Protein chains: 2
Amino acid sequence: MLYEICEYCHFKSAAVETLDYDELKELEGNCFKTQFSKGDLIFKQDALSSNIIFIREGLVKIHIKGPEREQIIKINKGPTFLGIPTTFGDVINHYSATAITSVNVCFISTETFRRFIYSNGKFAYEILNDLCKCELHTYKYCVNHLQKQGPGRLAEALIYLANDIFDSNSFVIPMTRHELGDLACCSRESVSRLLNELKKDNIIHLDGKKITILNEKLLSQISKRG
Amino acid sequence: MLYEICEYCHFKSAAVETLDYDELKELEGNCFKTQFSKGDLIFKQDALSSNIIFIREGLVKIHIKGPEREQIIKINKGPTFLGIPTTFGDVINHYSATAITSVNVCFISTETFRRFIYSNGKFAYEILNDLCKCELHTYKYCVNHLQKQGPGRLAEALIYLANDIFDSNSFVIPMTRHELGDLACCSRESVSRLLNELKKDNIIHLDGKKITILNEKLLSQISKRG
DNA sequence: ACAAAAATGTGATGCAGGACACATAAAAAA
DNA sequence: TTTTTTATGTGTCCTGCATCACATTTTTGT
């Protein structure tokens, strides 16, 4: 299939868009495409980090094993690079990545990637920019979660899913209540109670994992107030 | 003074070490040195981000205004770049930076910095590496703080100061109890109580802001357990 | 040196939310 | 299908820690 060739790939990142014909050919030769199913572990915390991974399509959760529970740091949605910090920042992965839908990825040789950074300033700049944005997102996530109470954290998680992942106020939560707790940083019981609370107040409509945000404004207020 | 000239500066970062003579000359022409006193605001959250800042000497706290309190994300110790993510990631600063000792900095034109990234792959690579390490640190900080209780968080903050900032088990805490609370994410009252607890158990010696970690192992255990 | 302001310590109180226990429902395996 | 496992809902209890209140100490400004 044509889209299997880097040059014609529909899922190019801004960085890869800066590559010229020869560089794309080189990428093609050092890029291995594969698929993961829902629930598959893509890479594991504390294991040796290996390749640069590019998510073409699908959702991947980034999670860290904490002293108490598993913590979901963020959800990556293709097309995007995955785990650049853990590949360049240390030889050992500082977090795990797990597919939460079926996921289409490319494994790119770290050496090739490094070569592009050395030789193509625009490429380096795009990657750098991504990292900066990512870092800012993490800071925000961090402060929000540290200072808000349960309702605020859950509201934020729901808004995050709606705005950043599904671009819609109506979606199917791609995880269990337990995982939602790992994302919003509260127990699964609290997630249940808080969701029912939101439902009772007509802020969301909820049926199992199917959710619709009815009162975006109010939900956003809950998130902001904490 | 010679050290005022980039070429002879003692405080070069790994990235700046990769610059050649001409590039150092260019840096020299686009680099403005200044000083901040303890307590001075270096840049402010929600203001337009302007220059790349390099800390030559001194301690700077990075903090974000949260819904409840001011949150100290980390402490930057020169020599290091400061606020690259907030300069490249967005036009508006996502956090503030305040001097907590007297601080010696260079303001570097963002344009010059960008030019180096475009034209010098090694420079770009070093910056990228820094960003990755920084991101990993943030993740760790985040999970630790989200899942630990007061004692664990405070223990972690003290170990952070001892290992990463002062390289010594005996140091003068460079901030108030209130700020220590902003770092460890608890109230100033809790900081008081927790410090006294640690003192009573002979894990630390404490006299005002002067602190000595007596039982590093135990403190680390408290931090790990939460 | 003095007054004013800021930082610190300590007790009492209240409550958010985690932990546990159990019932029920949904999904996966047989 | 039936059985087993996993996910979810809901009540009760209990604790960590924020908040308030106030005393005391330290720092800062004049």
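Under a 5 Å amide H cut-off, with hydrogens placed 1.01 Å from N, A:Ser170 pairs with A:Ile213 among residues at least 5 apart or on other chains.
Need one number: the % of Cα-Cα pairs in chain A sitting beyond the 23 Å mark. More than 23 Å apart: 51 percent of the Cα pairs in chain A.
Apolar share of the accessible surface for chain A: 51 percent from carbon plus sulfur atoms, 1.4 Å probe. Sorted from shortest to longest, the distances between the A:Ser119 label points of this copy and the other copies are 2.1 nm, with each point 7 Å from Cα along the line through the beta carbon. Amide H contacts of B:Asp40 (H built 1.01 Å from N, in plane; Pro and chain starts excluded): B:Ala99 sit under 5 Å, all sequence-distant by 5 or more or on other chains.
What the phi angles of region B:192-206 give under the Karplus curve with 6.51, -1.76 and 1.60, with θ = phi - 60°, is a coupling list of 3, 4, 5, 4, 4, 4, 4, 5, 4, 7, 6, 8, 10, 9, 9 Hz, glycine and proline written as x. Where in region B:7-51 is the amide nitrogen less than 11 Å from a point lying 7 Å along the Cα-to-Cβ axis of B:Thr110? Correct set: B:48-51.
Chain B packed on chain A takes about 4200 Å² of accessible surface away from a 1.4 Å probe, both sides summed.
A 1.4 Å probe over all protein chains sorts A:Lys12, B:Lys199 by accessible area into B:Lys199, A:Lys12, starting with the largest. In order along region A:149-164, the phi-based Karplus estimate (6.51 cos²θ - 1.76 cosθ + 1.60, θ = phi - 60°) of 3J(HN,Hα) comes to 8, x, x, x, 5, 5, 4, 5, 4, 5, 5, 4, 4, 5, 7, 8 Hz; Gly and Pro are listed as x.
Note on B:His178 and B:Lys77: with the Förster distance fixed at 22 Å, the Cβ-Cβ geometry gives a FRET efficiency of about 0.55. Near A:Glu57, the amide H atoms lying under 5 Å from its own belong to A:Asn104; only residues 5 or more places off or on other chains count, and H is placed 1.01 Å from N.
From its DSSP helices (H runs of at least four residues, each -39,500 (n - 2.57)), the protein assembly as shown gives a residue-normalised ellipticity at 222 nm of -13000 deg cm²/dmol.
A Förster radius of 25 Å combined with the Cβ-Cβ distance from A:Asp22 to A:Lys133 puts the calculated FRET efficiency at roughly 0.30.
Plainly put, the tip 7 Å out from Cα toward Cβ on A:Asn163 is 3.5 nm from that tip on each other copy, the closest given first. 3J(HN,Hα) along region A:49-64, derived from phi through the Karplus expression 6.51 cos²θ - 1.76 cosθ + 1.60 where θ = phi - 60°, amounts to 7, 10, 9, 7, 10, 10, 7, 7, 8, x, 10, 10, 9, 9, 9, 10 Hz, with x in place of Gly and Pro.
Oblate is the label for region A:129-174, because the ratio a/c of its alpha-carbon gyration tensor axes (a ≥ b ≥ c) is 1.5 or higher and a/b is not greater than b/c.
Sorted from shortest to longest, the distances between the B:Arg193 label points of this copy and the other copies are 2.2 nm, with each point 7 Å from Cα along the line through the beta carbon. Considering only Cα atoms, the convex hull volume of region B:148-225 works out to 76 Å³ per residue. Among the listed pairs A:Lys12/B:Lys148; B:Lys44/B:Lys217; B:Lys140/B:Lys209, those with a Cα-Cα distance over 32 Å are A:Lys12/B:Lys148; B:Lys44/B:Lys217. Diffusion coefficient of region B:83-215 by Stokes-Einstein, Kirkwood radius over Cα pairs, 10 °C, 1.306 mPa s: 92 µm²/s.
Counting every C-alpha pair in the protein assembly as shown, the share spaced more than 43 angstrom apart comes to 17%.
The values are calculated or read from the model by the stated rules, or taken from the named source; none is laboratory data. Everything numeric in this text was worked out from a predicted model, so none of it was measured. Backbone-built Cβ (ideal geometry, glycine too); neighbour counts: all protein chains shown. What goes into the accessible areas is simple: the full protein's heavy atoms, side chains included, and nothing from ligands, DNA or RNA. Shrake-Rupley method; radii C 1.70, N 1.55, O 1.52, S 1.80 Å.
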